[in-house]
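Single-structure report; data block below.
The values are calculated or read from the model by the stated rules, or taken from the named source; none is laboratory data. Note that the coordinates shown come from a computational prediction; the quantities given were computed from them, not determined experimentally. As a convention, Cβ positions derive from the backbone with ideal geometry for all residues, glycine included, and neighbour counts pool all protein chains shown. For the accessible areas, the whole protein counts, side chains as well, though only heavy atoms, and no ligand, DNA or RNA atoms are used. Shrake-Rupley method; radii C 1.70, N 1.55, O 1.52, S 1.80 Å.
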Amino acid sequence: MSMRTLPLLFFNLGGEMLYILDQRLRAQNVLSEKASKVMLDITCQMFNDRCVKEIFKAQEKLLAKRALKTVFERLAHASIMKLNSQAMDKLFDLMAMAVKYQVLLCKQPEDVILVTLNHLDAIREFVSSSEEHVAMVNSAARTFTDFYSRLTPAQFLLLRSTLLNIFQDTHKRVSIFLKHSAQLPNGRFVIPTGGTVPHGFDVPGTIKYYHGVTTEVEHFSPLHSYDPAEATGSWEVEGKRGTTLGQNIYAAEKSTDPNASADSSAGYDQVVEEEEAMPEPRTREGLR
């Protein structure tokens, strides 16, 4: 197993938490100033120097999911937001299932970096009103890319495998995935076929036979439609990632693609397994 998973877990789960809280605050018509304060307060706690240094320390063992949930419960309560234990359980389930889906759909192991950078890009947008907070996110992004830039392809493969092992027993049913047929009733995900191949890879449909200096080419139908990648995703602090994985699925725009934006009125904060919506998060100031 890989002992480099904590930064990936922290930033991806943290990004999903902010997506959900932002959606709930908008659904409750909370004043923009107070909603912004919630996002700024949580981001400040997530990206302060002490916290960032701690998550990049060498791991001696994997952090249990219960410990991870405790970390994010404290982060959520770092603001004026207040969640009861039931709401926190549902919130963490949504976070975990979203990240599991994104890691599963990575075309190649290195794409987990691009997924994380998409989360960091969205968080930067959430706090764009504060130059100080933007600088904190950018600093963490640079530390993040530098930390993983030295890994070999085999180490990335082990990293992705470890992430999937962490979530292998998590099968909560979520309405947005069920709606788009991305999840089965038993909570397991449906992996799509076709689409864009990783950058540098050939599109399926050709077999080449090498006979000394001559080459024989045979074509076949791969049954599904594949497209070549136009370019590799950027690891820069701000750049084109080349994937929608990790973007905000709770954004207001309508879409039929669960990897992209989605209609916030469609009940995406619902854990269908228990057939009830996630309780409305409330604040210590009684925001409604």
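Per-structure values
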| item | result |
| --- | --- |
| Neighbours by Cβ (under 6 Å, 6+ apart or cross-chain): first from region 25-52, over 15 Å from ALA76 (Cα atoms); second part of a helix (DSSP H, G or I) | VAL52/ALA140 |
| Qualifying position, being out of contact with any helix residue (DSSP H, G or I) (no Cβ under 7 Å at 6 or more places or on another chain) and either surrounded by fewer than 16 Cβ atoms within 10 Å (Cβ to Cβ) or of a type in the set (Gly, Ala, Ser) (or both), among PHE201, PHE147 | PHE201 |
| In region 1-53, residue most open to solvent (accessible area, probe 1.4 Å) [restricted to those that are acidic (Asp, Glu) and either under 30 Å from GLN155 (Cβ atoms) or more than 19 Å from the chain's Cα centre (by Cα) (or both)] | GLU33 |
| Members of region 165-185 that are more than 11 Å from ALA98 (Cβ to Cβ), open to solvent by less than 60 Å² (accessible area, probe 1.4 Å), out of contact with any Gly (no Cβ under 7 Å at 6 or more places or on another chain) and part of a helix (DSSP H, G or I) | ILE166, LEU178 |
| Criterion: in contact (Cβ under 8 Å) with a residue 60 or more places away in the chain and on the phi > 0 side of the Ramachandran plot - qualifying residue of GLY187, GLY194 | GLY187 |
| Residue check, GLU60 open to solvent by 20 Å² or more (accessible area, probe 1.4 Å), of a type in the set (D, E, K, R) and in a helix (DSSP H, G or I) | no |
| Leading residue by the ranking (farthest from the chain's Cα centre (by Cα)) among those in region 111-129 that are polar (S, T, N, Q) and open to solvent by 20 Å² or more (accessible area, probe 1.4 Å) | SER129 |
| Subset of region 76-110 [under 18 Å from LEU178 (Cβ atoms) and open to solvent by less than 40 Å² (accessible area, probe 1.4 Å)] | LYS90, ASP93, LEU94, MET95, ALA96, MET97, ALA98, VAL99, LYS100, TYR101, GLN102, LEU105 |
| The one condition in (1) of a type in the set (D, E, K, R); (2) more than 26 Å from VAL190 (Cα to Cα); (3) at pLDDT 90 or above that LYS82 fails to fulfil | (3) |
| Boolean, ARG142 is in a helix (DSSP H, G or I) and surrounded by 20 or more Cβ atoms within 10 Å (Cβ to Cβ) | no |
| Residues satisfying the stated conditions in region 188-198, i.e. of a type in the set (A, V, I, L, M, F, W, C) and either open to solvent by 80 Å² or more (accessible area, probe 1.4 Å) or not in a loop (DSSP other than H, G, I, E, B) (or both) | PHE189, ILE191 |
| Residue match in region 242-255 (condition: modelled with pLDDT under 85, part of a strand (DSSP E or B) and of a type in the set (Ser, Thr, Tyr)) | no |
| Among the residues listed as CYS44, CYS51, the single one being in a helix (DSSP H, G or I) and under 15 Å from GLY15 (Cα atoms) | CYS44 |
| Answer residue from region 204-229, given it is open to solvent by 90 Å² or more (accessible area, probe 1.4 Å) and assigned to a loop (DSSP other than H, G, I, E, B) and is modelled with the highest pLDDT among those | PHE220 |
